[in-house]
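Comments concern the structure below.
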Amino acid sequence: MVTASESKAALRNRFRREIPPPDRTVSGSISERLTGMETLRSARTVALFCAAQPEPDLTAVAVEIESRGARLAWPRVTGEGQMEFRAAKASGPFVAGAFGLREPAPAAELVPLAEIDVLLVPGLAFDLAGYRLGRGKGFYDRVLGDAGFRGVSVGVAADAFVVDELPREAWDRPVHRLVTETRDLRIRKQQGD
């Protein structure tokens, strides 16, 4: 019998090989949908991510949020399976971090999870119940399961990367919402919804 972990590995390979990454039009549509969300418009601190293929580019979202006076937080890998968030402007400065991703410098201001109002979550794929297929290190599942995080989590992906159901393991955590170029799905109730 195939385990959930083996199924996830096969799906990761399939999504990386068979589905082209979102183009600028798709990223632009996702960005418009995100910046129009009231939840994001009223947030004081928003955690974003620097996109890696096949994730959509959220540069326009970061610029728009920053123009409203909100603080931007970005993930920084600190160890095996461990990640924290550090403040940086939309333009950085960023350094090359773990896995070749851009992240804030270690000296940037630490942003506690409790201060993040909205967490934009990347993924290779999402399902309609809000579960995600990440890159297999568990960084975001740990953040989503941390009692210190009380904000709204929003999965961000192109429609081509949304499936009916993904394999799940005990530590997997769903997002509250899922935003694509054509949809904004509320998945889990959050205070104020």
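The number of residues in the stretch 120-139 that are in a strand (DSSP E or B) and either out of contact with any Asp or Glu (no Cβ under 9 Å at 6 or more places or on another chain) or open to solvent by 20 Å² or more (accessible area, probe 1.4 Å) (or both) comes to 5.
Take the residues of the stretch 151-162 that are at pLDDT 95 or above and out of contact with any Phe, Trp or Tyr (no Cβ under 9 Å at 6 or more places or on another chain): which is nearest to PRO22 (Cα to Cα)?
Across the stretch 151-162, the extreme among qualifying residues is VAL154.
Would it be correct to say that ALA73 is free of Cβ contacts under 8 Å to residues at least 24 places away in the same chain, among the small types (Gly, Ala, Ser), open to solvent by less than 40 Å² (accessible area, probe 1.4 Å) and touching a strand residue (DSSP E or B) at 6+ places or on another chain (Cβ under 7 Å)? No: the conditions fail for ALA73.
Residue count for the stretch 140-151, restricted to those that are open to solvent by 20 Å² or more (accessible area, probe 1.4 Å) and aliphatic (A, V, I, L, M): 2.
Within the stretch 83-97, the residues that satisfy the criterion of being surrounded by fewer than 16 Cβ atoms within 10 Å (Cβ to Cβ) and farther than 22 Å from GLY69 by Cα are VAL95, ALA96. Looking across ALA62, ALA70, one residue alone is closer than 16 Å to LEU120 by Cβ and under 16 Å from the mean Cα position of the chain (by Cα). It is ALA62. Looking at the stretch 161-190, I want the residues that are within 18 Å of THR25 (Cα to Cα) and have a partner that is open to solvent by 50 Å² or more (accessible area, probe 1.4 Å) and of a type outside the set (A, V, I, L, M) with Cβ atoms under 6 Å, at least 6 apart or on another chain. Which pairs are those? Pairs that qualify, where the first residue is within 18 Å of THR25 (Cα to Cα) and the partner is open to solvent by 50 Å² or more (accessible area, probe 1.4 Å) and of a type outside the set (A, V, I, L, M), are VAL179/ARG33; ASP184/ARG33.
Candidates in the stretch 1-59 are the residues that are among the small types (Gly, Ala, Ser), assigned to a loop (DSSP other than H, G, I, E, B) and open to solvent by less than 70 Å² (accessible area, probe 1.4 Å); of these, the one that is modelled with the lowest pLDDT is ALA52.
Looking only at residues of the stretch 163-188 that are surrounded by 19 or more Cβ atoms within 10 Å (Cβ to Cβ) and among the β-branched types (Val, Ile, Thr), we find that the one that is farthest from VAL61 (Cα to Cα) is ILE187.
Do we find that GLU64 is closer than 19 Å to THR180 by Cα and without any contact (Cβ under 8 Å) to a residue 40 or more places away in the chain in this structure? It is true that GLU64 is closer than 19 Å to THR180 by Cα and without any contact (Cβ under 8 Å) to a residue 40 or more places away in the chain. Listed by first and then second residue, the pairs linking a residue in the stretch 85-103 that is closer than 19 Å to VAL121 by Cα to a residue that is open to solvent by less than 40 Å² (accessible area, probe 1.4 Å) and assigned to a loop (DSSP other than H, G, I, E, B), with Cβ atoms under 6 Å apart and 6 or more places separating them unless they lie on different chains, are ARG86/ALA108; ALA87/ALA108; ALA88/ALA108; LEU101/CYS50; LEU101/ALA52; ARG102/CYS50; GLU103/GLY97.
Filtered by the rule that a residue be modelled with pLDDT under 95 and open to solvent by 40 Å² or more (accessible area, probe 1.4 Å), the stretch 98-119 gives PHE99, GLY100, LEU101, ARG102, PRO106, ALA107. Residue-level check: of (1) within 22 Å of PRO22 (Cα to Cα); (2) touching a strand residue (DSSP E or B) at 6+ places or on another chain (Cβ under 9 Å); (3) at pLDDT 90 or above, VAL63 misses just (2).
The values are calculated or read from the model by the stated rules, or taken from the named source; none is laboratory data. The shown structure was predicted, so the numbers you read here are calculated from the model rather than taken from an experiment. Reconstructed Cβ throughout: ideal geometry from the backbone, glycine too, with neighbour counts over all protein chains shown. The area values use the complete protein model at the heavy-atom level, side chains included, leaving out ligands, DNA and RNA. Shrake-Rupley method; radii C 1.70, N 1.55, O 1.52, S 1.80 Å.
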